[in-house]
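So the structure is just underneath, and the comments pick up after that.
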Amino acid sequence: MMIYLLYVGINRVRINWTKFILGTLVLSILFVIFAMPYIKYRIGVVNSGYNSSESVFYDPFFQYPTGISKYLQLLAVPVDLTLYHTMYTFPWQLNWFILLLYLATTIYFFFKDKRYFFALAFIIAAVLPSIMPVKVSWLVAERYMFLGSLGFCLFLGLIITDLWRYSKIIIGGVLGLLLVLFSIKVYIRNIDWQTNHKLWVNTCQVSPNSHNAWNNIGDDYDKLNDPTNAIKGFTQSTIVKPNYADAYHNRANIFFKIGRLDLARESYNVALNFSPELYQTYLSLTQIDLMEGKSDLALQHSQAALKLQPENPQAVYVVGVVYAQVGKLTEAETIFENLLKQIPDYQPAKQALQQLKTLMATQSEKKN
């Protein structure tokens, strides 16, 4: 709105500025109040684990020159498109030069040609929510620039339109070259999106220091029934981010599938060391405990999962299974019955209770 007012000229717009400023202030306060839970959640997501720091604020002397120069580079020369932008290869001096050049050019056109000013200002105005000083978003993500790319297209369109009358042949050639180059890039990028595997291979190539990319390609290799490369992907994820609990858990799942229970247990324990709230890891360890006949550990791990997720039917069910496995049949029966009172259609509990009653009846007959 403010860019539009600057574009058309504030003096040419009839606005009650007192009401406008007061209304904007009230709407901003209401937005902050209602959005605060989401803002807090986003801060927790962005500023947690390996990304955590003493402050929830970005360093502006790094954030703005690095982020804005990267966005401008992606618009002008989109050679490194990826889901996870983690490679900022420009030296800090060049980042500052690009930022200052962009600001100076925008200010220059504010006085010389409002059309160019509007196009340039719109690029960053559209991405402002993602470059706030509070860590509510990642430093750079292509999806944040979708709207701002309209400003870049408008800027190119204005240049081509204004220069067209001077040399239609040269400008036509430049326009044709741009269309060819960008069309080729679109075609190549569409190839990356044809399958999950192609996408994650490309992402790991462009963003080799992204723990998310390596974790996702490990998951993809698991779906392709390639445990060796799945383990390599998850392991590389832990190398990039040593405290990434999810990757340790996922790697342990692969070890479990190939029968390496010792390595699976080790990797599960590392995951819990970094993230003790992973109840799925406790459930997986419970399964290994039962297979290895470690009843005490099975009880310990299953109860830890239930403590984290007391309303989760799977956690309740697993505790019941453990009680049944260790011979506490009455306790297991009570757990399954209570679970079915809450969720009558929970099939695993139904089947387990039926088998348990059959076992208890058989044992009772033998005693008699």
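The values are calculated or read from the model by the stated rules, or taken from the named source; none is laboratory data. Keep in mind the model is a prediction, meaning the values are calculated, not measured. Cβ atoms come from the backbone with ideal geometry, glycine included; neighbour counts cover every protein chain shown.
A few notes on this one:
- In the stretch 222-231, residue surrounded by the most Cβ atoms within 10 Å (Cβ to Cβ) [restricted to those that are among the charged types (D, E, K, R) and outside any loop (DSSP other than H, G, I, E, B)]: Asp222
- Criterion: of a type in the set (Asp, Glu), more than 26 Å from Gly218 (Cβ to Cβ) and touching a residue at least 24 places away in the same chain (Cβ under 8 Å) - qualifying residue of Glu333, Glu311, Glu337, Glu277: Glu333
- Listing of helices (runs of 4 or more DSSP H) fully contained in the stretch 142-221 that carry 1 or more residues being out of contact with any strand residue (DSSP E or B) (no Cβ under 9 Å at 6 or more places or on another chain) and surrounded by 19 or more Cβ atoms within 10 Å (Cβ to Cβ): 148-164, 196-206
- Considering residues of the stretch 254-283 that are hydroxyl-bearing (Ser, Thr, Tyr) and modelled with pLDDT under 95 only, the residue farthest from Val326 (Cα to Cα): Ser275
- Inter-residue pairs, beta-carbon under 6 Å, first among the aromatic types (Phe, Trp, Tyr) and in the stretch 83-112, second surrounded by 14 or more Cβ atoms within 10 Å (Cβ to Cβ) and modelled with pLDDT of 95 or more, 6+ apart: none
- Applying the condition of being β-branched (Val, Ile, Thr) and in contact with a helix residue (DSSP H, G or I) (Cβ under 7 Å, 6 or more places away or on another chain) to the stretch 299-335 and asking which residue is surrounded by the fewest Cβ atoms within 10 Å (Cβ to Cβ) yields Val326.
- Within the stretch 341-361, the residues that satisfy the criterion of being surrounded by 10 or more Cβ atoms within 10 Å (Cβ to Cβ), of a type outside the set (A, V, I, L, M) and either over 18 Å from Gln314 (Cα atoms) or in contact with a Lys or Arg (Cβ under 9 Å, 6 or more places away or on another chain) (or both) are Lys357, Thr358.
- For the stretch 272-328, the helices (runs of 4 or more DSSP H) that sit wholly inside it and include 3 or more residues that are in the same structural domain as Lys341 (by TED's automatic domain parsing), more than 16 Å from Phe256 (Cβ to Cβ) and β-branched (Val, Ile, Thr) are 313-325.
- Residue match in the stretch 98-116 (condition: in the same structural domain as Leu139 (by TED's automatic domain parsing), in a loop (DSSP other than H, G, I, E, B) and either modelled with pLDDT of 85 or more or among the aromatic types (Phe, Trp, Tyr) (or both)): yes
- Scanning the stretch 51-69 for residues that are surrounded by 15 or more Cβ atoms within 10 Å (Cβ to Cβ) and either in contact with a Leu (Cβ under 9 Å, 6 or more places away or on another chain) or at pLDDT 90 or above (or both) returns Tyr58, Gln63, Tyr64, Pro65, Thr66, Gly67, Ile68, Ser69.
- For the stretch 255-268, the count of residues that are among the β-branched types (Val, Ile, Thr) and not in a helix (DSSP H, G or I) is at least one.
- In the stretch 239-251, the residues that are over 15 Å from Ile217 (Cα atoms) form Cβ pairs under 7 Å with partners that are modelled with pLDDT under 95 and in a loop (DSSP other than H, G, I, E, B), at six or more places apart or across chains, as follows: Ala245/Ser275; Ala245/Leu278.
- Inspection of the stretch 70-82 identifies no residue that is under 30 Å from the mean Cα position of the chain (by Cα), farther than 24 Å from Cys153 by Cβ and modelled with pLDDT under 90.
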